[in-house]
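One structure is given below, encoded as structure tokens.
The numbers here are math on the coordinates, done by the rules we state, and not lab data. Note that the coordinates shown come from a computational prediction; the quantities given were computed from them, not determined experimentally. Reconstructed Cβ throughout: ideal geometry from the backbone, glycine too, with neighbour counts over all protein chains shown.
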Amino acid sequence: MSQPEKLYEGKAKIIYPTDDPNIFLAHYKDDATAFNAQKRGQIQGKGEINCRVSAVLFQDLEAKGIPTHYLDCPASNQMRIRAVEIVPLEVVVRNIAAGSLCRQTGLPEGQILAQPLVEFYLKNDELGDPLLTRDRILLLEIVTSEQLDRLKALALEIDGHLQKFFAAGGITLVDFKLEFGFDREGQLRLADEISPDTCRLWDSAETDPEAKVMDKDRFRRDLGQIETAYQQVLQRVETVMTQNQMTQLPSTNDR
Ligand code: TMP
Ligand code: ASP
């Protein structure tokens with residue numbers, strides 16, 4: 001069967017329609033870009049790894065009451081998702097200072113933030129995804145004030161769950177980027193992906209500032225061993241998922 005015409009192609013995924021107008025198919029690519037696509041490359045096996053990592057994390061978050069666009073994975077690099085209209089905001093949550101926060105504020109990399117910081121960036125490649133203020137978001141009428149509060153509350157709740165999940169796998173969640181969308185019923189759902197492409201993940205047991213990096217910063221900063229780091233993240237995330245499933249099983253005494 002020939003592939004249907006794509007609905008949308010982004011830097012890391014292609015979105016296809018399905019026979020059901022409420023369901024899309026996301027195809028995760030091995031292509032990697034950084035610095036607004038000024039740097040381009042391929043990370044072998046990335047599409048499959050990011051799809052599998054995202055699937056585990058979306059399922060974990062759903063189980064904790066966070067609505068997501070995730071449905072299932074018909075193939076290891078493909079995810080069936082609910083059709084949502086993406087809110088053109090990149091919602092970044094930071095627990096530890098790194099990346100653009102350090103560049104723009106002078107905070108030293110690695111400084112633990114007294115409380116998580118939630119930031120909103122405009123999802124617009126032509127403008128270079130600028131950092132927004134609350135008033136600019138309302139001025140642009142991207143979302144209402146109430147929706148913005150809901151986005152921030154959801155982002156913080158997700159941060160709490162993800163920090164715990166990664167910590168169980170010996171990974172420190174430094175910061176990450178989320179996207180949200182409205183489904184056909186008008187419900188706000190977590191969308192896009194949660195993967196080593198969209199998170200900063202540091203090996204908790206490692207102190208060396210380069211060796212600890214398990215995410216796309218290995219590609220951005222030419223640190224090498226990118227595939228190995230991504231595979232490690234997948235392996236640890238799947239181990240935590242299996243451990244969580246085991247502890248949720250009723251013990252033999254209860255059966
Ligand atoms: P930043 O420090 O470069 O602003 O990045 C913050 C987090 O957001 C980091 O985990 C990487 C992620 N991110 C994306 O997922 N996509 C992007 O386009 C950018 C700039 C960052
Ligand atoms: N994904 C973004 C890009 O290509 C940036 C990044 O992740 O650093 O442009």
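Given Lys46/Lys177; Lys29/Lys212; Lys29/Lys123; Lys39/Lys123; Lys6/Lys152; Lys6/Lys212, which pairs have Cα atoms separated by over 27 Å?
With Cα atoms farther than 27 Å apart: Lys6/Lys152; Lys6/Lys212.
Could you give the size of the charge dipole of the chain about its Cα centre, using +1 on the Cβ of each K and R and -1 on the Cβ of each D and E, expressed in debye and rounded to the nearest 20?
Dipole size: approximately 280 debye.
Could you work out the relative contact order of the chain? I mean the mean sequence separation of Cα pairs under 8 Å and 6+ apart, divided by the number of residues, in percent.
It rounds to 18 percent for the chain.
Please find the FRET efficiency linking Gln111 to Gln42, where r is the Cβ-Cβ separation and R0 is fixed at 25 Å, and quote it to the nearest 0.05.
With R0 = 25 Å, the Cβ-Cβ based efficiency is 0.15.
Can you compute the charge dipole magnitude of region 174-239 about its Cα centre, using +1 on each Lys and Arg Cβ and -1 on each Asp and Glu Cβ, nothing else charged? Give it in debye, rounded to the nearest 20.
Computed charge dipole of region 174-239: roughly 80 debye.
Translational diffusion coefficient, Stokes-Einstein: compute it for the chain using the Kirkwood radius over C-alpha pairs as Rh, at 37 °C and 0.692 mPa s, and state it as an integer in µm² s⁻¹.
After rounding, the answer is 172 µm²/s.
What is the Cα radius of gyration of region 1-148 over 2.2 N^0.38 Å, N being its residue count?
1.19
Test of understanding: what is the full-extension gain from Ala211 to Glu62, defined as 0.36 nm times their sequence separation minus their Cα-Cα distance?
Difference between extended and current length: 50.4 nm.
Considering region 171-218, what Rg and Dmax in Å follow from its alpha-carbon atoms?
Cα radius of gyration and Dmax of region 171-218 are 14.5, 48 Å respectively.
Compute the normalised compactness of region 66-138: alpha-carbon radius of gyration over 2.2 N^0.38 Å, N being the residue count.
1.44
About the Cα centre of region 135-213, how large is the charge dipole given +1 on each Lys and Arg Cβ and -1 on each Asp and Glu Cβ? Please answer in debye to the nearest 20.
160 debye
Just tell me, in residue order, which DSSP H segments of the chain are both 24 angstrom or longer along the helix axis (alpha-carbon based) and at least 0.0 in mean Kyte-Doolittle hydropathy.
Passing helices, by number: 46-63.
Where the Cα atoms of region 106-255 are projected onto their three principal axes, how long is each span, largest first, in whole Å?
Extents along the principal axes, in whole Å: 55, 47, 30.
Suppose each label sits 7 Å from its Cα in the direction of the beta carbon; what would the Lys6-Gln225 distance come out to in nanometres?
Result: 3.3 nm between the two label points.
Counting helices only, and only those DSSP H runs with n ≥ 4, report the 222 nm mean residue ellipticity of the chain as the sum of -39,500 (n - 2.57) divided by its residues, in deg cm²/dmol to the nearest 500.
It comes out at -10500 deg cm²/dmol, rounded to the nearest 500.
Please work out the Cα center distance from region 90-125 to region 23-74, rounded to the nearest Å.
22 Å
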